[in-house]
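Here the structure comes first, spelled out in structure tokens, and everything after it is commentary.
The values are calculated or read from the model by the stated rules, or taken from the named source; none is laboratory data. This structure is a prediction, so every number in the text was calculated from the model and none was measured. Here the Cβ is made from the backbone with ideal geometry for all residues, glycine too, and neighbour counts use every protein chain on show.
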Amino acid sequence: MDYLLANTPLEALETECLIVAVFNNKKLSPAAQTLDSLTDSLVTDILERGDIQGKVADTLLINYLPHATIKRALLVGFGNADKLTAKAFRKAVSAAANTLKTSQISSADCCLTEIKLEKHNITWNARQIVEAFDAPFYQFNDCKSKPDDKLALASINLHSLTDSDAIQTGIDQGIAIAQGVALAKHISDLPGNICTPTYLAEQALEIAGQHANLTAEILEEADMHKLGMGSFLSVSRGSRQPAKLITLKYNGAAKNSQPIVFVGKGLTFDAGGISLKPGAGMDEMKYDMCGSAAVLGALQAAAQLQLPLNIVGIIPSSENMPDGDANKPGDIVTSMAGLTIEILNTDAEGRLILCDALTYAKKFNPDVVIDMATLTGACLVALGRVPSGLLGNNDTLCNDLLSASETALDSVWRLPLWDEYQDQLKSNFADIANIGGRDAGTITAACFLSRFTEDYQWAHLDIAGTAWKSGDAKGATGRPVPLLVQYLLNRADAA
Ligand code: BES
Ligand code: MN
Ligand code: ZN
């Protein structure tokens, strides 16, 4: 989809469809008022009839406007104009996008940037409009012999007579985020027999090839062996696919500026290993690489926006399979940090590959390290599919992420990482066990990671509930790309 800035006055505009806002109590937005006067009070008449109430996410497509250069109009409800929240705004814009998805309209003119929100500026509006329109138009056709029907809508013009620069900034940011989200969704939706660790490495090289100041480096198992990554390599040993350690480096700031480091779990298929998972729904474990997909999406967006930051993305990638050479419950391995780990459950493999990647992260002298991983089913039990779990060893970093998540409408909720929980990881035979029992599974997983992140400011995002949808709408969501990019935008602003 193309997103363009437009500043033709509505009186002179020719368009297939004009998108305007209406509110409760038959209130019209400025653009809706103009449309009303251009159409002999058509909008007011329709509201009088009660055909649309103006509630949040109500939509009404007026398919024919007689004798007008504006051929159709889409009225979108935004509820009470004085109490409009960011979430309601996004919900209404998404409803507009979904309505147009089923139409034959190929280009629409959108007047929703003009809506006022208490806590946000017009750049935010434009960014959200682009993101909200892009999401429902994502299609996965790679593996279908006959692709899904092509959707008609191909371009959106964002209107404003003033504030052009602010809107253009929002459009650029929105496009970068939307393309990062689409990239993450696409890589994540690919099946495990196509999206292998080798495939992920090739993707990283390809993305790096598209930007002069983005580079990718791939470490092979032999390299990891030399680095002493005994924990990571133990997971990969049960798989016929070679593991890869992918590093993407984006240089947008001075050489001595400490990088923001993202680490993403890249388990391209998690069968559980010898602690085999049950069969039902196991296909969804192709999504166990969504953390790595988000890292790729965020780095691509940062490079596209040429943010004045240094950023490193680290992706440990492997499969977790049952095999004669796979980890066995009770096995003890030595991590790159030197800590020995008793593997009591081979299905708690994410932390085993992440711990070595987190130790490796030290080499980049990070300012902060943020890892993201589909790490625990327990996170779904605790928080459902609404927020990602957030845990960390630094309040400022956690608060920065919370605030970015609110702006991005990509929510997170912080869980405690208190010392009391560390006891659950005691092992009789090694320095640490890889599981902490039934209680507080998301927290004990983060406790495990925290043993490897003591030397820097670190936060962990458990995205097990948020990275993909199950059921009829099964598919990746591209989260937490919006959160990560918003965090980067905020850091760039502060720089
Ligand atoms: N990838 C899974 C976590 C997961 C499960 C994500 C379900 C999304 C949905 C992870 O590797 C795993 O298997 N975790 C175990 C940990 C347990 C053995 C301590 C889990 O959550 O059951
Ligand atoms: Mn697992
Ligand atoms: Zn896993």
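One table, with the values for the structure above:
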| read-out | value |
| --- | --- |
| Positions within the range 252-284 being within 15 Å of ligand 3 (Cβ to nearest atom), touching a residue at least 60 places away in the same chain (Cβ under 8 Å) and in contact with a strand residue (DSSP E or B) (Cβ under 8 Å, 6 or more places away or on another chain), in sequence order | Val263, Gly264, Lys265, Gly266, Leu267, Thr268, Phe269, Asp270, Gly272, Gly273, Lys277, Glu284 |
| Number of the exception - Glu206 against (1) closer than 27 Å to Trp468 by Cα; (2) touching a strand residue (DSSP E or B) at 6+ places or on another chain (Cβ under 8 Å); (3) without any contact (Cβ under 8 Å) to a residue 24 or more places away in the chain | (2) |
| Answer from Gly478, Gly465, Gly437 - the residue that is modelled with pLDDT of 95 or more, within 16 Å of ligand 3 (Cβ to nearest atom) and not acidic (Asp, Glu) | Gly465 |
| Qualifying residue in the range 393-415 (condition: in contact with a strand residue (DSSP E or B) (Cβ under 8 Å, 6 or more places away or on another chain), within 16 Å of ligand 2 (Cβ to nearest atom) and among the hydrophobic types (A, V, I, L, M, F, W, C)) | no |
| Qualifying position, being buried (at least 22 other Cβ atoms within 10 Å of the Cβ) and out of contact with any Leu (no Cβ under 9 Å at 6 or more places or on another chain), among Thr444, Thr477, Thr396 | Thr477 |
| Verdict on Asn141 being outside the structural domain of Tyr487 (by TED's automatic domain parsing) and part of a helix (DSSP H, G or I) | no |
| Matching residues in the range 240-264 - criterion: being closer than 25 Å to Gly324 by Cβ and within 14 Å of ligand 1 (Cβ to nearest atom) | none |
| Scan of the range 313-362 for residues that are under 21 Å from the mean Cα position of the chain (by Cα) and either more than 14 Å from ligand 1 (Cβ to nearest atom) or not assigned by TED's automatic domain parsing to the domain that holds Pro197 (or both), ordered by number | Gly313, Ile314, Ile315, Ala357, Leu358 |
| Whichever residue in the range 341-373 is charged (D, E, K, R) and away from ligand 3 (no atom under 16 Å from the Cβ) and, among such residues, is surrounded by the fewest Cβ atoms within 10 Å (Cβ to Cβ) | Lys363 |
| Residue count for the range 415-434, restricted to those that are within 15 Å of Ser335 (Cα to Cα), crowded, with 18+ Cβ neighbours inside 10 Å and out of contact with any Asp or Glu (no Cβ under 6 Å at 6 or more places or on another chain) | 2 |
| Of all residues making up the range 63-106, the number that are under 30 Å from the mean Cα position of the chain (by Cα), crowded, with 18+ Cβ neighbours inside 10 Å and not in a helix (DSSP H, G or I) | 8 |
| Filter result (under 14 Å from Ala408 (Cα atoms) and basic (Lys, Arg)) within the range 457-490 | Arg479 |
| Subset tally (residues that are surrounded by fewer than 24 Cβ atoms within 10 Å (Cβ to Cβ), among the hydroxyl-bearing types (Ser, Thr, Tyr) and within 16 Å of ligand 2 (Cβ to nearest atom)) for the range 225-250 | 1 |
| Breaking point among (1) under 24 Å from Trp124 (Cα atoms); (2) part of a helix (DSSP H, G or I), for Gly54 | (2) |
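Per-residue answers, yes or no, for (1) under 18 Å from Thr477 (Cβ atoms); (2) of a type in the set (Val, Ile, Thr); (3) within 16 Å of ligand 2 (Cβ to nearest atom):
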| site | (1), (2), (3) |
| --- | --- |
| Asp283 | yes, no, yes |
| Gly291 | yes, no, yes |
| Val295 | yes, yes, no |
| Gln304 | no, no, no |
| Leu307 | no, no, no |
